[in-house]
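Colleague: Pasting a structure here, questions to come.
The values are calculated or read from the model by the stated rules, or taken from the named source; none is laboratory data. Because the structure is predicted, anything quoted here is derived from the model rather than measured. Note: ideal-geometry Cβ built from the backbone for every residue, glycine included; neighbour counts use all protein chains shown. SASA here: full protein model, heavy atoms, side chains in, ligands and nucleic acids out. Shrake-Rupley method; radii C 1.70, N 1.55, O 1.52, S 1.80 Å.
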Amino acid sequence: LQGWAGGYPEIVKENELFERYYRELGIVPAGEWDAFMAALREPLPATLRITGYRSHAKEILHCLKEKYFRELQDLEVDGQKVEMPQSLSWYPEELAWHTNLSRKILRKSPELEKFHQFLVSETECGNISRQEAVSMIPPLLLNVSPHHKILDMCAAPGSKTAQLIEMLHADMNVPFPKGFVIANDVDNKRCYLLVHQAKRLNSPCIMVVNHDASSIPNLQIDVDGRKEILFYDRILCDVPCSGDGTMRKNIDVWKKWTTQNSLQLHGLQLRIATRGVEQLAEGGRMVYSTCSLNPIENEAVIASLLEKSQGALELADVSSELPGLKRMPGITKWKVMLKDGQWFEEWKDVPSNRQTQIRPTMFPVKDEEKLKAMNLERCLRILPHHQNTGGFFVAVLIKKSPMPWNKRQPKVHQKLPQRTGDTEVTATNSDNGSDCITEEPILAENEESKKMQGLQNSDTEQSKKEGVCGPPPSKKMKLFGFKEDPFVFLPEDDPLFLPIQKFYALDPSFPKMNLLTRTQEGKKRQLYMVSKELRNVLLNNSEKMKVINTGIKVWSRNSDGEQFGCAFRLAQEGIYTLYPFIHARIINVCIEDVKILLTQENPFLSKFSSETQKKVKDMAMGSVVLKYDPDPEKPDDLQCPIVLCGWQGKTSLRAFVPKNERLHYLRMMGVEVFKAKRKEEENKTEGEVQHKLAQTEEGMDVEDKEHDLVTKMEAEIGEESSQSPVESSAMEIENKIEDLDKSIKNATTHISKESKGTDTSNVKD
């Protein structure tokens, strides 16, 4: 009993080999070693980032500074005085903050329960992200614009992907930016965490795919009737690494660390980075990053990449970017050490029996002139003790010309022309002012490859005409992970759309070709929407790409609605995308009406303002848009617009809004939600009512199968539910899908019970 009471033994934060290795390499400036090691032994402070593109960003920032941060001012937790949170000086517009509280204290302390509840709730809505400070750096250095085509090669669990999506939507008035993010991960289960992260931001410009990043296929797009290979303007290459920069939060690294981890990962990291630069557009930018301090995973990979690029790549000088960020320059000299402590300075010193563990690319370049031309000092290494962060490494590469191997003639035995150099390729370049970039054409192109491409095209032509983007035909693909439903675009003459168009008086400019469903047969229960550019990618690559998720839900089938002229109600997650195109069913409401809608379950019309009652009087029953516009003459009221989905009944008007989003809007209006939540948990009767409402709502959402089970937590299961906000992962779903046909009917209640209490906040970014 005494043994159990003691819990697990404390991990000793000592590793002799680690200290010996990094002392010898000299990555820490002279006289700072003790401070470096002391910082590594301290828990990592909690950091958060406000979603910058949301119109509510200023309101959230104001709410944080004026309310939550002030309440922390005089608190003492476990004998430690809580310091006022500080903004990260190098992050733009005060949108990132850190506090001296560790994540563990934040979760466990009763005094911080209110603040923690705020963080969880706002994270679920997508208004803030709890993300490690150093993890925010790579997306910032990509310099993303809304028209950029972006590839995130190793994206899970998705906090950097979320940042990239935010940058695409820098202008909230543009519902469909021209750019998009394709977020990839090799781990099928982690892809669902990625979907969960991305779904919070409700963007039609994100696609999650499941491939090995080192061999991610070339994608094709249709450009004025011609098939061209897709090159990306920006690539984020945040590769798998040994993670010794994360010792402050992943304390297991202390006892598990050896140099062997880096030696084993170096080859994979180089292959992924190489594949990345192959798919980068000329003039494009790729950021390579790791949460490791080890030059074998960092400078060695970059040096090898630069050497074999023969001048096609260069390291960008980013010393003037992110002012306020303390950084160390990249190093040019390092040695290789085995886990037994044996050092090697050159490849020729490595005995033949060790040459499988140690490779030539792990050593620094010996030619001084070549080394100088590489400018390795332009890389940046973040040390934990400089700004109380984790350890990190970043290098920014710019592609000046095609990779040398892309100019060579393809091999005759090649099965499919998937290499970048097999075909003439043109891609738009927005960086250097030129209109196009052309990979060198291959004159003696492989005829056999052409024939095979023709056969493949004919097999998929029919399905493309029908707008069906199914999973790849390869049987191997289906052995890994869940079998995804196809993506079926709505035909132009689909009778389903006409009643929707009429009911909501959709603008003629509405891009109905971008609507899709996830079912080929039977009733279409959900309608999703993607941008025009992602539609192009989906239609032209279904045979070679395993898509996990894309698009945002814009309409849900509601059987009650048919009698009022439209079988589909609006979905809150897609309302900000749809709203610019809707010209009917809009009810303008005042701030008091919004409070009633968000605090009462099904309020009678008599409770609303006389103006609202007049507008509703002549309107048919069914789905409505509830719009609040701020009054500049009332500065104390909420000063950002709100668009809500609602339902007008015979005698009542209600909002269809996920619970955490309700709490968010109420907080922004100054309504105290913390106490309300405690009462709600105690009030079983109210809980039962809300649970029934959630079931009614979710009864319409059974079409989405296992691919959506994780993402349902924030907007589907949480919708109208009285359960406290939960976080979950796809890991738990695996055991629940064996008998999907039986379980899907009660998926809502089943998942909410199973996933309660699960916390994915510790997943390594």
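Colleague: Using the C-alpha atoms of segment 243-332, what convex hull volume per residue, in cubic angstrom, is computed? Don't skip to the answer; put the middle values down first.
Modeller: Details: hull volume 11.3 nm³, N = 90.
Convex hull of Cα atoms, per residue: 126 Å³.
Colleague: Can you give the accessible area per residue of segment 514-604, in Å², using a 1.4 Å probe?
Modeller: Numbers: 2960 Å² over 91 residues.
Accessible area per residue, segment 514-604: 33 Å².
Colleague: Continuing with the same structure: Measure off, as a whole percent, the carbon and sulfur share of the 1.4 Å-probe accessible area of segment 585-673, all protein chains present.
Modeller: Working: 1980 of 3840 Å².
C and S fraction of accessible area: 52 percent.
Colleague: Let me ask you something else. Remind me, relative contact order of segment 585-673 in percent, using alpha carbon pairs under 8 angstrom and six or more residues apart? Can you show the working numbers first?
Modeller: Numbers: 127 pairs, mean separation 26.7, N = 89.
Once divided by the residue count of segment 585-673, the mean separation gives 30 percent.
Colleague: Probe of 1.4 angstrom, ligands and nucleic acids ignored: what's the accessible area per residue over segment 45-130, in square angstrom? Can you show the working numbers first?
Modeller: Working: 3730 Å² over 86 residues.
On a per-residue basis, 43 Å².
Colleague: Here's something else I'd like to know. Per residue Cα convex hull volume for segment 585-673, in cubic angstrom? Please report the intermediate quantities before stating the final value.
Modeller: Numbers: hull volume 7.8 nm³, N = 89.
For segment 585-673, the hull spanned by Cα atoms encloses 87 Å³ per residue.
Colleague: Would you list the P(r) distribution for segment 116-192, with all Cα-Cα distances sorted into 5 Å bins from 0 and each bin expressed as a whole %?
Modeller: 3, 15, 22, 22, 22, 12, 4, 0
Colleague: From the protein chains alone at 1.4 Å, what is the descending order of accessible area for H583, H169, largest first? All intermediate terms of the calculation are to be shown ahead of the outcome.
Modeller: Details: H583 110, H169 15 Å².
If we order H583, H169 from most to least accessible, we get H583, H169.
Colleague: Residue by residue through segment 78-83, what is 3J(HN,Hα) from phi via Karplus (6.51 cos²θ - 1.76 cosθ + 1.60, θ = phi - 60°)? Round to whole Hz and write x for glycine and proline.
Modeller: Once rounded to whole Hz, the list reads 6, x, 10, 6, 7, 7.
Colleague: How long is segment 45-130 along each principal axis, judged by its Cα atoms, biggest number first, in Å?
Modeller: Largest to smallest, the principal-axis extents are 38, 26, 20 Å.
Colleague: Residue by residue through segment 621-627, which ³J(HN,Hα) values in whole Hz follow from phi under the Karplus form 6.51 cos²θ - 1.76 cosθ + 1.60 (θ = phi - 60°), with glycine and proline marked x?
Modeller: Whole-Hz 3J(HN,Hα) from phi for segment 621-627: 5, x, 5, 9, 9, 10, 10.
Colleague: On to the next question. For T361, what charge total do you get from the other residues with a beta carbon under 10 Å from its beta carbon, if Lys and Arg give +1 and Asp and Glu give -1?
Modeller: Values: positive: K308, R359; negative: E307.
My count for the surroundings of T361 gives +1.
Colleague: Using Cα-Cα distances under 8 Å and only pairs 6 or more residues apart, what relative contact order does segment 525-646 have, in percent?
Modeller: Numbers: 149 pairs, mean separation 27.4, N = 122.
Relative CO of segment 525-646 lands at 22 percent.
Colleague: Now, a different point. For segment 489-631, take N as its residue count and report Rg(C-alpha) divided by 2.2 N^0.38 Å.
Modeller: Numbers: Rg = 17.4 Å, N = 143, 2.2 N^0.38 = 14.5 Å.
Computed over Cα atoms of segment 489-631, the ratio equals 1.20.
Colleague: Run the accessible area of segment 256-390 with a 1.4 Å probe and give the carbon-and-sulfur part as a rounded percent. Let's see the in-between values first.
Modeller: Working: 2520 of 5270 Å².
Carbon-and-sulfur percentage of accessible area, whole number: 48.
Colleague: Leaving ligands, DNA and RNA out of it, rank K326, K160 by accessible area with a 1.4 Å probe, largest first. The partial results should precede the final answer.
Modeller: Working: K326 110, K160 10 Å².
These residues rank, largest area first, as K326, K160.
Colleague: Taking 23 Å as the cut-off for C-alpha to C-alpha distance, list the pairs among K502/K607; K149/K524; K255/K366; K227/K544 that go past it. Can you show the working numbers first?
Modeller: Numbers: K502/K607 30 Å; K149/K524 31 Å; K255/K366 34 Å; K227/K544 15 Å.
Long pairs (Cα-Cα over 23 Å): K502/K607; K149/K524; K255/K366.
Colleague: Can you run the Rg to Rh ratio on segment 517-596? Use alpha carbon positions and the Kirkwood inverse-distance Rh.
Modeller: On the way: Rg = 16.2 Å, Rh = 15.2 Å.
When Rh is taken as the Kirkwood radius, the ratio is 1.07.
Colleague: Got a number for carbon plus sulfur as a percent of segment 45-130's accessible area, 1.4 Å probe?
Modeller: Details: 1770 of 3730 Å².
Result for segment 45-130: 47 percent of the exposed heavy-atom area is carbon or sulfur.
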